[in-house]
Amino acid sequence: MGVGSKVVFLFLFLASAYVVGLLIFTKGFLLARTMIHQNSSCEVEFATRSSDLAHGGHRGCWTHARFKRAIIIIVDALRYDFLFYNVSLQSDPPPYINKLKTIHALLNRHPKNARLYKFLADPPTTTLQRLKGLTTGSLPTFVDAGANFDSSEITEDNWVDQLVNQGKDIKFLGDNTWDSLFPNRFYKSFPFPSFNVKDLHTVDNGILKHLYPELRRRDWDVFIAHFLGVDHCGHRFGPNHPAMADKLDQMDRMIRNVTSQMKDDTVLFVFGDHGMTRTGDHGGDSEDELTAGLFVYSPAQITASSPPPQDKPQVIQQTDLVPTLSLLLGLPIPFSNLGMVIPDLFNHCPWWDTQHNEIRQVFHTIKALHLNALQVSQYITSYAKVSSDFPQDKFRSLQASLQRSEKELEALITSVATGSGSHGLLDRFFNLQDQYQEYLSQVRAMCQGVWAKFDLTAISLGIVMILGGVMVNIILATCWTGDGEQFPGYFPFMIGGMILQVVYYVLHVTVFPPSVPSVMGFVIGLVLVYALAIVLKKRIDEVSKEMTLSQWADCGVAALVMFMCFAAFFSNSFVVYEDAVVHFLAQSLLWYTAIRVMINSTQSSSSHSKDIAGRASKKSKPSFVHLSELLTSPAITTFFIASFCSLMLRFSIYFRACREEQQDCELSSFLQPLSSFGEDASGYKNQRYFFSIGCLFGTLWLIRKWLQHYGNLNGDGINVLCTKFVLPLGGIACALYWAVQALPPKELDALPPWQQTNMAQIVYICVAAHILTTLLQPLHVYILDSSPSNTVNVPLMNRGPEHAVPYVYKQLQQHWNKKNESETPPAAYGLGSVYSSSLVAFAASLFLLLGLLLSDGLAPSLALAVLVLFVFMELTSAFCIGATSNSGVPQGPVPWIPIITHGLLSSTFFYATGHHATIPAIRFEAAFTGFHGDFSTNIIPALLITLNTFAAPIFFAVVSPLLLFWPQLRGPLNQWMTSAGARGRESAEWKGDFSLYDNGVLLRKNLFCSCCRMLLFHAVKVLGAACAAALHRRHLMVWKIFAPRFVFEAANLIIVSAVLLVMMLLVLRVDHAVSKLTKTLQKTS
């Protein structure tokens, strides 16, 4: 096995170990509750439907059915303040306020026929999880959020299945998620694609086309309509946009038309499944996301109580809809329901004369609460038989309180029947109602507490696995050095131990029954960690003997910063303000690097300075000479370059998004789409658009100039032509796509779908073509035959002959014995940057793709990242050259300081591209960049969303191998910062990164060690996130802060590992092409 295969295998093995550790930890940390596959039935011991039917009403199961039909209208993301009519507002209200006037009118005209509630959702506030809760009455878990784009059939008992079992006909219109959750349940359905958040009208207009005719047919028992326009408007523009007012006006007209067609036997529910943030997103647990609204109405009276004051709305849980709807329609309450009936809707019964009898009102409410409580008791009793989650003391206490309530109910019924004990009877009924409500609330609270359950064994095993991977990573990143191809003697044992650990963990999770103890896993893990610690300590002792004081300082600073990154995850405040923390650390390491470069350049030029001082003492104008040379000295030049880099990095804060917890944060206008600005902001729209395309084309131009500078755009190779012409074409298409997307919403929606998407698709084609040609023909090198018969007098380079590679002849003489030494060897343009040019060309393609997905607002941030990266590479090159003991070109792996700085810059621009480690911060609209309508598969939207979310980590991982090659190039800034040291090498021929080809084994090992160091930085962070999440698993903010941070960090590690592996393969592909080129040169020279 060659060295190239070895490094790929080792890196793949290391990444796999991390993934296995993450999966094991995730299995223990993000557990779903145990599902009870039982369904409620009409025949239960506690139901009293026969006595109820004696009073009248429609036939039901557990009780009479108050209504024969129900209309359920879900307006996705209908926040409570969208429903609430604020009469105190005088003028200029936000676009979403006071638009649903029909609801306000019904509440005023028929106060006992209508009710408005605050409708609290359970996090996570994603549509799929909310629909599960709204139909089953159960509570979601955090891990369910990941299934939002992979809808699967609901098998838990729910009111949809109960309707079907009772022979009821359901008619559905709207979000096709319902068809995925309840296949073949609907008598008639009109589903519409739901995932295109840029489409405000297709679903809503499709529903309205069929809504009124289907309602009038009255061939249904339950009618469901799920509108998406309000939610999509929030995602696209946010709530504070005129388009939101238009959508709410449309919903108001729809509600007015529906209520006008209703009859007394029908009840209407209008509600939102969740709310939305001030930016229009949802998925988390902020107040705006959790607070939806519920409006209930019927032409017949539905309640005997007076409405509450407007400033004190009644607050209910979304799960309360399930038992309320079930009993109003005469259905059994779904078995796993934890909701509580809404008391207001059960204190009136038209055929039992409750209108003027307060005792009958409260008794009718108690009957519903009684059935609800017994159903919940039946469920938690069944759950306790299959799971030990519930605290036994709490469980017994709740069951005892229910028994006391049941005895009190029997006593009250006896008192009413016999007429005895009538004194204080009403108060006793009210107390009993409070007892039932308290019981149901306490059960819900208990379940919420215990269903955040954790498998501590899996959590511990996962952490040990990740820790073992980190230790192996450190050893691989530091121990396998030198020119030899053989592994150190302990490598097979180390790798074998890791494989044994991985195999055991996989078997324990997938094959072994739960009764098998996991002690062996801990033993294997701890023994491996102990053995790795011994090897690591031995290696540190060996290396420390050869280290200088400055190298000790570098390692100490690197270790300190990595520990700070690890420890920061344990503080919720640091996680909330992590964007500022990583920005500060990146700035600090940049200046540490600059100071080290200044110290090295000052020391190397001390003798040169003495010569200058000696000559200046003999001249009459010494002050001017000293000032001029001082300002152009390497130290001062480094200071100005570092200042410029810090300034550019500072500008990145203007592209950050705001977390809900960052109260002092102001939303950046760069995060708002151009189409969200009105005509009064046309000047700003134009300025931002031209600024964005200026950044796009400016970056592409700088990349082109860099390639020209090193002679990599000569010739007419397919890869050179693509770089010259295809990438600019893609840039033009990207600019035109942004212009189309900046149109006002009505004008944009009026365009045919192909006109909305074709420019972005051209960008995809250009990027794919450029990447393909780079892979097939990776070398941007042009060979010019310089034999006397056809000599061409052409300059070797645009920037001087030192950048061509005439030394190829000498190299070929050394490696291949030439027969005819008198022949002139061919000249090779761009050979001195043969590795770097391929990586830069690949990065240029990725820059164009990510810029398109980030949109016009955030593409300038990516351009800023390119500029910062260029200056950082030059600064790192000066650092690496200065840190080389013989003041020559560095030949080892990338030092730790540049590696960690690179990782911190990656994290900094993760936040500077408008992202945060929260579910609402995911920009789902990226899935429709270049596409219109729904997808037949989730692969494409998932890929586009991933590229958008992790744009910065992916881009920085792609350019990371340049850290190894860049010091060989001796770029202009590098020369200014190390000019004194460079003078000592003026006599040497410039070889560029082609010099690394001389020792292929060392190149591969340095590449591997450098990638391992980069991976280690991200692995330490994910270890800290995992440990913090495990430690704070009972913290109030675990699901809001610590769990999402772990999920994002784990995803980041997996993505970065995959990208680094791809880049290793690309470098090996380039090296193979260089080897073929040298053989060709040997034959032709």
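The values are calculated or read from the model by the stated rules, or taken from the named source; none is laboratory data. The structure presented is a predicted model; accordingly, all values stated were derived computationally and were not measured. Quick reminder, even Gly has a Cβ in these numbers, built from the backbone with ideal geometry, and neighbours come from all protein chains shown. Remember, those area values only see protein heavy atoms, side chains included, never the ligands or the DNA or RNA. Shrake-Rupley method; radii C 1.70, N 1.55, O 1.52, S 1.80 Å.
Assorted remarks:
- Hey, Gln756 at pLDDT 85 or above, in contact with an Asp or Glu (Cβ under 9 Å, 6 or more places away or on another chain), within 30 Å of Phe847 (Cβ to Cβ) and among the polar types (S, T, N, Q) or not: yes
- Yes/no for Glu542 being exposed (fewer than 12 other Cβ atoms within 10 Å of the Cβ), at pLDDT below 80 and assigned to a loop (DSSP other than H, G, I, E, B): no
- All conditions in (1) part of a helix (DSSP H, G or I); (2) touching a Pro at 6+ places or on another chain (Cβ under 7 Å); (3) open to solvent by 10 Å² or more (accessible area, probe 1.4 Å) hold for Gly133, with the sole exception of (3).
- Residue in the range 483-496 that is open to solvent by less than 20 Å² (accessible area, probe 1.4 Å), modelled with pLDDT of 80 or more and either over 20 Å from Gly4 (Cβ atoms) or in a helix (DSSP H, G or I) (or both) present: no
- Qualifying residue in the range 352-366 (condition: under 23 Å from Ala70 (Cβ atoms), outside any helix (DSSP H, G or I) and touching a residue at least 60 places away in the same chain (Cβ under 8 Å)): yes
- Unique residue being touching a Pro at 6+ places or on another chain (Cβ under 7 Å), hydrophobic (A, V, I, L, M, F, W, C) and either modelled with pLDDT of 85 or more or under 27 Å from Leu772 (Cα atoms) (or both) when the list is Leu831, Leu839, Leu846: Leu839
- Residue match in the range 747-761 (condition: assigned to a helix (DSSP H, G or I), under 24 Å from Ala243 (Cα atoms), β-branched (Val, Ile, Thr) and touching a residue at least 40 places away in the same chain (Cβ under 8 Å)): yes
- Set side by side, the residues Arg256, Arg217 differ, and just one is free of Cβ contacts under 8 Å to residues at least 12 places away in the same chain and surrounded by fewer than 22 Cβ atoms within 10 Å (Cβ to Cβ), which is Arg217.
- Any hit, the range 270-279, residues being farther than 23 Å from Gly914 by Cα, part of a strand (DSSP E or B) and either of a type in the set (A, V, I, L, M, F, W, C) or in contact with a Phe, Trp or Tyr (Cβ under 9 Å, 6 or more places away or on another chain) (or both): yes
- Qualifying residues in the range 178-190 (those that are outside any loop (DSSP other than H, G, I, E, B) and open to solvent by 20 Å² or more (accessible area, probe 1.4 Å)) - the one farthest from Val164 (Cα to Cα): Phe190
- Candidates in the range 361-387 are the residues that are of a type in the set (Val, Ile, Thr) and more than 39 Å from the chain's Cα centre (by Cα); of these, the one that is surrounded by the most Cβ atoms within 10 Å (Cβ to Cβ) is Thr365.
- Selection status of Ile1054, among the hydrophobic types (A, V, I, L, M, F, W, C), modelled with pLDDT under 90, assigned to a helix (DSSP H, G or I) and within 21 Å of the chain's Cα centre (by Cα): no
- Scanning the range 388-413 for residues that are open to solvent by 80 Å² or more (accessible area, probe 1.4 Å) and of a type in the set (Ser, Thr, Tyr) yields a single hit, Ser388.
- All positions within the range 643-696 that are free of Cβ contacts under 8 Å to residues at least 40 places away in the same chain, among the hydrophobic types (A, V, I, L, M, F, W, C), over 24 Å from Leu905 (Cα atoms) and outside any loop (DSSP other than H, G, I, E, B): Ala681, Phe690
- Inspection of the range 705-720 finds no residue satisfying the criterion of being within 32 Å of the chain's Cα centre (by Cα), among the aliphatic types (A, V, I, L, M) and open to solvent by less than 40 Å² (accessible area, probe 1.4 Å).
- Among all positions in the range 298-320, there is at least one residue which is open to solvent by 10 Å² or more (accessible area, probe 1.4 Å), more than 26 Å from Ala243 (Cα to Cα), of a type in the set (D, E, K, R) and assigned to a loop (DSSP other than H, G, I, E, B).
- Number of positions in the range 923-963 that are in contact with a Phe, Trp or Tyr (Cβ under 6 Å, 6 or more places away or on another chain), open to solvent by 10 Å² or more (accessible area, probe 1.4 Å) and either under 30 Å from Tyr835 (Cβ atoms) or modelled with pLDDT of 95 or more (or both): 0
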